[in-house]
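J.: Dumping the structure here so I can ask a few things about it.
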Amino acid sequence: MDIALATLLSPIVLFFLLGLGAALLRSQMTIPEAFAKGLAIYLMMSIGLKGGVEISKGQLGWDAGLVMMSAVGLSFLLPVIAFALLRLTTRLDRIDAAAAAAHYGSISIVTFVAAGQAIAAAGLEAAGYLVAVAALMEVPAIISALVIANRGGVSSEVVAGSDKGELAREVLLNASVVVLLGALVIGWITGEAGMQSVAPFFVTPFQGVLCLFLLDMGLSAGRGLRNGWRQLGPGTIAFGVYMPLVSALLATGVAALNAMPAGDAALLITLAASASYIAVPAAMRLAMPKARPSIYLTLSLGITFPFNLILGLPLYIWLAKMVSAGVA
């Protein structure tokens, strides 16, 4: 209960709720798109650098490699489960279901950042290599969704009218992957000394920048809900809430098998439970142009993202503590 209350009353969640409420009430509050993109790049550079510095201290070993492989496996598996549940419980056709499912195997980097803050507030520490895990989980889900869609005999609707090379560039060289991995390598090369030289820019203002970005995310989520909820049936809306829990339970099992400490387990569980709303939508516009963004974006950004930020994070930290106590 203390973790839940601390998360709900944290500045980042309260600013998100401010943006969400403002959008739902049709406030004229806006944040320029270019400024919001700049905030996103800043956040990814900051967490990438921090992760690289931690890796430079000698954190990468066989255990970390096993976690990375497990995370990639989860990213391939979760869209298959999500697709089956969507087809079973909703009226979405194969293309819309496959496109939506892809979002639930990939990750939300903002949820990852917020989880890092919540984990620190709970007195836990997480290893830097999990930044690399986040980057690795971006791509497999997209591949999995394309396979699912093609197996249904609708290959003509997949990558229709688009160059496959362009799709590969979009998937493998999307901004979040490039910035995260690039900053991770820079942090690893420069180490603690390099981080200290840029700390006044990348460390001290981090919390304030995150609040600004989550205010914008609240506005985006609220607008998505306001404009797209009519296209979602009750089963689809319910999916946006229970699918993160299914993913979290599977990731909890992975964390237990890998004997992960509580902070690391909490981040892995959060990554699995999150849903992409940046990298995957961009790929789906190219790969599945007939899939409806009003469905998959409203699901991932309008339903799952607020659920994870407000209610999910305390639950995932609690699960991580339980599994860590069980394997200790």
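No value in this document is a laboratory result; all are computed from the given coordinates. Computed from a prediction, not measured in an experiment: that's the story for all the values here. Note that we place each Cβ from the backbone using ideal geometry, even for glycine, and neighbour counts take in every protein chain shown.
J.: Describe numerically, in nm with one decimal, the distance between label points set 7 Å from Cα along Cα→Cβ at GLU125 and at LEU9.
T.: 2.8
J.: Specify the inter-centroid distance of segment 208-249 and segment 64-107, based on alpha-carbon positions, in whole Å.
T.: If we compute the Cα centre of each part, the gap is 17 Å.
J.: For VAL80 and THR204, FRET efficiency with R0 = 56 Å and r from the beta-carbon atoms, rounded to 0.05? Present the calculation step by step, with values, prior to reporting the outcome.
T.: Numbers: r = 43 Å, r/R0 = 0.77.
Between THR204 and VAL80 the formula returns 0.85.
J.: So, one more: Suppose we take every Cα in segment 165-306 and form the convex hull; what volume per residue is that in Å³?
T.: Working: hull volume 21.6 nm³, N = 142.
Expressed per residue, the convex hull around the Cα atoms of segment 165-306 is 152 Å³.
J.: Something else now. How compact is segment 247-308 by the rule of thumb for globular proteins, expressed as Cα Rg over 2.2 N^0.38 Å?
T.: Details: Rg = 14.5 Å, N = 62, 2.2 N^0.38 = 10.6 Å.
For segment 247-308, the normalised Cα radius of gyration comes out at 1.37.
J.: Also, I was wondering about something else. What are the ³J(HN,Hα) couplings of segment 193-204, residue after residue, when phi is run through the Karplus curve with 6.51, -1.76, 1.60 and θ = phi - 60°? Round to Hz, x for glycine and proline.
T.: 4, x, 5, 4, 6, 10, 4, x, 9, 9, 10, 4
J.: Using 7 Å Cα-to-Cβ label points, what is the GLN231/LEU257 separation (nm, one decimal)?
T.: Here the modelled spin labels are 3.6 nm apart.
J.: Among SER27, THR190, MET217, flag the residue with its Cα farthest along the positive direction of the charge dipole of the chain, charges on Cβ as +1 for Lys/Arg and -1 for Asp/Glu.
T.: Going by the charge dipole, the pick is SER27.
J.: Can you tell which of ALA34, ALA282, ALA221 shows the greatest fluctuation in a Gaussian network model of the chain with Cα springs below 10 Å?
T.: Maximum among the listed residues: ALA34.
J.: Assuming 0.36 nm per residue, please report the length gained on full extension of the stretch ASP63 to LEU25 beyond their Cα-Cα distance.
T.: 8.9 nm
J.: What do you get for the angle between helix 109-121 and the principal long axis of the chain? Use alpha-carbon atoms, 0 to 90 degrees, nearest ten.
T.: 40
J.: Debye calculation, C-alpha points only, no solvent: report log10 I(q)/I(0) for the chain at q = 0.14 Å⁻¹, in the same order as the q values.
T.: -1.10
J.: Right, next: Divide, for segment 1-128, the radius of gyration over alpha carbons by 2.2 N^0.38 Å, where N is the residue count. Working shown, then result.
T.: Details: Rg = 18.5 Å, N = 128, 2.2 N^0.38 = 13.9 Å.
Ratio of Rg to 2.2 N^0.38 Å for segment 1-128: 1.33.
J.: Ok, one more. Using θ = phi - 60° and the Karplus curve 6.51 cos²θ - 1.76 cosθ + 1.60, what whole-Hz ³J(HN,Hα) does each residue of segment 123-140 get, with Gly and Pro shown as x?
T.: These are the phi-based 3J(HN,Hα) values: x, 10, 10, 10, 6, x, 5, 5, 5, 5, 4, 4, 5, 5, 7, 5, 8, x Hz.
J.: Grab the DSSP H runs of the chain that are 4 residues or longer, score each as -39,500 (n - 2.57), total them, divide by all residues and round the 222 nm result to the nearest 500 deg cm²/dmol. Walk me through the intermediate numbers first.
T.: Values: 16 runs with 240 residues, N = 328.
Taking each H run of at least 4 residues, the total per residue is -24000 deg cm²/dmol.
J.: Please list 3J(HN,Hα) in residue order for segment 66-72, calculated via the Karplus relation 6.51 cos²θ - 1.76 cosθ + 1.60 where θ = phi - 60°; whole Hz, with x for glycine and proline.
T.: Listing the rounded values in order: 5, 5, 4, 5, 5, 5, 4 Hz.
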